[in-house]
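The values are calculated or read from the model by the stated rules, or taken from the named source; none is laboratory data. This is a predicted model, so every value here is computed, not measured. A quick note on method: Cβ atoms are made from the backbone with ideal geometry, for glycine too, and the neighbour counts reach across all protein chains shown.
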Amino acid sequence: MNHVNRSLSNMTHTFASSTIQGSGPVYLDCNATTPIEPSVRDAVMRWMADELGNAGSRTHEYGLRAKRAVQRARQQVATIVDASADEVIFTSGATESNNLAILGLAAHGAETERRHIISTAIEHKAVLEPLEVLEARGFSITLVRPDSNGVVAADSIRSALRPDTLLVSIMHANNETGSIQPVLEISDFLEDHNAFFHVDAAQGYGKDLERLRRKRIDLISVSGHKIYGPVGVGALVARRRGFRRPPLRPLIFGGGQERGLRPGTLPVPLIVGLGIAAETALKNIIERQERCRAIRKEALAALDPLEIRVHSHPDHTLSHVINFSVAGIDSEAVMLALKDVAAVSNGSACTSQNYSPSHVLEAMGLPQEAVAGAIRVSWSHLTPDVDWRLLASRIAALR
């Protein structure tokens, strides 16, 4: 092993020991970012340290090896959602994928005089803010509100459809509550409508399979660091409808990579990591779900004496997250009390640097006390055993 490999291996071993094996507070913020799967880590580091070559270089073996690695990853990412490899566009993450899906359709909407978009009030800011941009350009935006469990009614989406609806953009599962949205039902009734259907699958890709395999879903946003892969890479799956691709236009220019939709040199090590993360997620999904459900059961049993209010429905929630509040206790106090026990969150990591009340929980119509007290705990199959009773006793002591 060369010097670079040894240094990278030592750094990664230190990180894994401190975050996964349990020295210090246990990491319970996997909806923000997940620990990297060991096989993914090893592959990324090998491609960073030992492999050279630009995937666009076709005149030598280094470039050809890089190109083959990218093509393999493209197929691995596509397989999870039953898509074709050539329908995968690599990006820097789900935020860029969302922007490309939404803003990339704007020119087509203007040309065809279809300027209406339907989304929900609980979307990630990476969807809501591009929609605000289009609204400023004259598009009409309908945001459907969820019920008190954070689930949007499919009938509400259907009722909002208009002849000039260009796009329906709905998240697969909410990043704060874990609530799974009615993607199947929406895809069913969109069979009779021409609107494009985009699903932000950052939280559910590789964890909840069947919903994303519906062919009526035109666009799917994927994030590497939410499925135990590297940060800084993601994908937009752009399915053909019949023989036609979604009429996306690029947001940046220069180079023509990724069918001209996302120019720039491809980050081969990160793409390889995303591909392996996708393949591993598909291979191990049952075992991962069983582990996550077992942790959830243990957590709820320990927290039950606190009479917690869970902000989602158990039948429509991802197995690895609980968003809850305890009457009379503020979330900031809880996080401080748990500082040496567990790393938890009180909202989306993407907006938590300047904390403001959760737009998701407010859209659900929860009382302000519940919104102010909301804590999100999220784990993974890599999470070590958690002393949930200690965690619950720390919260109880705040009363």
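The table for this structure:
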read-out	value
Residue 96 touching a residue at least 60 places away in the same chain (Cβ under 8 Å) and under 23 Å from residue 133 (Cβ atoms)	yes
Number of positions in region 280-313 that are over 30 Å from residue 79 (Cβ atoms), without any contact (Cβ under 8 Å) to a residue 40 or more places away in the chain and in a helix (DSSP H, G or I)	3
Residue among 183, 152, 144 that is β-branched (Val, Ile, Thr) and either surrounded by fewer than 15 Cβ atoms within 10 Å (Cβ to Cβ) or more than 26 Å from residue 325 (Cβ to Cβ) (or both)	183
Odd one out for residue 347 among (1) surrounded by 20 or more Cβ atoms within 10 Å (Cβ to Cβ); (2) at pLDDT 95 or above	(2)
Residue within region 129-151 that is in the same structural domain as residue 197 (by TED's automatic domain parsing), free of Cβ contacts under 8 Å to residues at least 60 places away in the same chain, in contact with a Lys or Arg (Cβ under 9 Å, 6 or more places away or on another chain) and assigned to a helix (DSSP H, G or I) present	yes
Options 206, 234; residue that is of a type outside the set (A, V, I, L, M), on the phi > 0 side of the Ramachandran plot and in contact (Cβ under 8 Å) with a residue 60 or more places away in the chain	206
Residue in region 345-354 that is assigned to a helix (DSSP H, G or I), within 28 Å of residue 78 (Cβ to Cβ), under 19 Å from the mean Cα position of the chain (by Cα) and not assigned by TED's automatic domain parsing to the domain that holds residue 174 present	no
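Here's the yes/no breakdown for (1) surrounded by fewer than 21 Cβ atoms within 10 Å (Cβ to Cβ); (2) within 20 Å of residue 377 (Cα to Cα):
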residue: 236; (1), (2): no, no
residue: 245; (1), (2): yes, no
residue: 253; (1), (2): yes, no
residue: 260; (1), (2): yes, no
residue: 268; (1), (2): no, no
residue: 276; (1), (2): no, no
residue: 279; (1), (2): yes, no
residue: 304; (1), (2): yes, yes
